[in-house]
Every structure is written in structure tokens, then in C-alpha cells.
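Inspection log for the structure reproduced underneath, given as C-alpha cells.
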Amino acid sequence: MQRSTDQPRSGSDPCILIVDDHPLVCSYLSQMIDDARMEVCGSTGSADDALALFRQHRPDLVIVDISLETSNGLNLIKRLRREKDDVRVLVLSSHDAMFYARRSREAGAQGYLNKQVDPETILDTLRLLLDGGEYWPEADAELELGEALPVSSLTNRELEVFELIGSGLGTSEIAARLCLSVKTIETHREKIKKKLALPSGNALVREAIQWVTEQG
């Protein structure tokens, strides 16, 4: 669901767009940001709606989760940067930073935080990014370790398909979810099996379910 403020921007407070598929998270972040004298110009869990809100409000910063309703945050970041190459993006997610922080940075984000951090850390990081800084997990070595995982060989689209398989979706459902053809999804499945050295479709499903479970 897309939520947008219809009021014109004041011009004094930073404008922030929230993209998260959990309404309670959007509501909590909105209240916290408003209390900190920063302006929330909209919130949504859909990548397409996020792009529309971005075009409407031209926010100073976008908060993005990795998992979204019809896409993932990594692809959305790339789309946002095509709209405005200097857009500031903070990835706020429950997914493993060791794996996703590096991908977020490569996609064009300026920071990564786990949702388990305290509210003040989120606000401090928002201010840092708005001032032109970046925030990443402390040890770059952790990011390098993430690349050693077998799943790290997957492209962002393959990773998206892999996670949807692990969430229990069939090929036709994934195709509809991503607005792609069934044949394209089948091609992605075959490439994923090859990259992860999985012998069968059932092995792919088991590995995907385990991955999604471990990511929480």
C-alpha cells in the first residue's frame, strides 16, 4: 500500500521516503523520523509505488528494505539511481549484513543497518547519510566473507528467484510476482542449480528453504 503526504515540502526539513513491506515498520519509522524533525514524504512496500513516490517528491534520502512486495531492494536501488544518480539510500533490513551489505553498496546504497539496532542509531545514520557520509558494518573483512558463500555467485535477479523458491512459491507464481515469463523463471532455476551444484529441482527447493530460514 502506498502512503504519500499531500502537503508541499516545507523546504527546511530533510525529506525521507520509506520502502518496507511491513506496515508496522513504516508506521514506526515515520513516527520516529517525524519526532526527530525530519519529514517523511511517503511510505510503501512496493518497488513500483516507491518509484512513483520518488518521482513525485524527489526525497533527500530513501530507506529501503531488502525484501519487498514485488521485487527486492537491490533492484529498486538501481532503478532509483537511474532516476537520480546522487540519491542517498540507507538499507534497513533484517537480512544478514555479511552477505547483503556488499551487494547493497554495489547497487548504489550509502549505508546498511540491521533492523535490530536501537532507534538512535537509525537516526544518527540517517543524519550521517544526509550530511554526505556513509555507514557500513565495521569490518570490511565481513563483507569479503560474504562473497565466499556459494549463494554469492548468483546475480541479484537469480537471488530474488532463489528466495521466492525458498518462500514456497512455484514457477508460475514467481513469474507472476516478478512480471516475467514462466520460461524466464525456468531458465533462472536452471542457472541457479548449476551455480550451486544442485542435482535436482527438489534439491534446489530444499537449499532455498534453508537459505530463507537462516536469513530469518
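The values are calculated or read from the model by the stated rules, or taken from the named source; none is laboratory data. On a predicted model such as this, the values are computed, not experimentally measured, just so you know. Backbone-built Cβ (ideal geometry, glycine too); neighbour counts: all protein chains shown.
Please indicate, with yes or no, whether at least one residue in segment 30-42 is within 17 Å of the chain's Cα centre (by Cα) and either on the phi < 0 side of the Ramachandran plot or touching a residue at least 40 places away in the same chain (Cβ under 8 Å) (or both).
Yes: segment 30-42 contains one or more residues that are within 17 Å of the chain's Cα centre (by Cα) and either on the phi < 0 side of the Ramachandran plot or touching a residue at least 40 places away in the same chain (Cβ under 8 Å) (or both).
Within segment 168-195, how many residues turn out to be over 23 Å from the mean Cα position of the chain (by Cα), under 17 Å from residue 154 (Cβ atoms) and not charged (D, E, K, R)?
1
Could you tell me how many of the residues in segment 96-121 are crowded, with 19+ Cβ neighbours inside 10 Å and closer than 13 Å to residue 63 by Cβ?
Residues in segment 96-121 being crowded, with 19+ Cβ neighbours inside 10 Å and closer than 13 Å to residue 63 by Cβ: 6 in total.
Looking only at segment 82-97, decide whether some residue is in a helix (DSSP H, G or I) and at pLDDT below 90.
yes
Residue check: is residue 49 part of a helix (DSSP H, G or I), out of contact with any His (no Cβ under 6 Å at 6 or more places or on another chain) and among the acidic types (Asp, Glu)? Explain how you work it out, then say what you get.
Working: part of a helix (DSSP H, G or I): yes; out of contact with any His (no Cβ under 6 Å at 6 or more places or on another chain): yes; among the acidic types (Asp, Glu): yes.
Against the criterion (part of a helix (DSSP H, G or I), out of contact with any His (no Cβ under 6 Å at 6 or more places or on another chain) and among the acidic types (Asp, Glu)), residue 49 qualifies.
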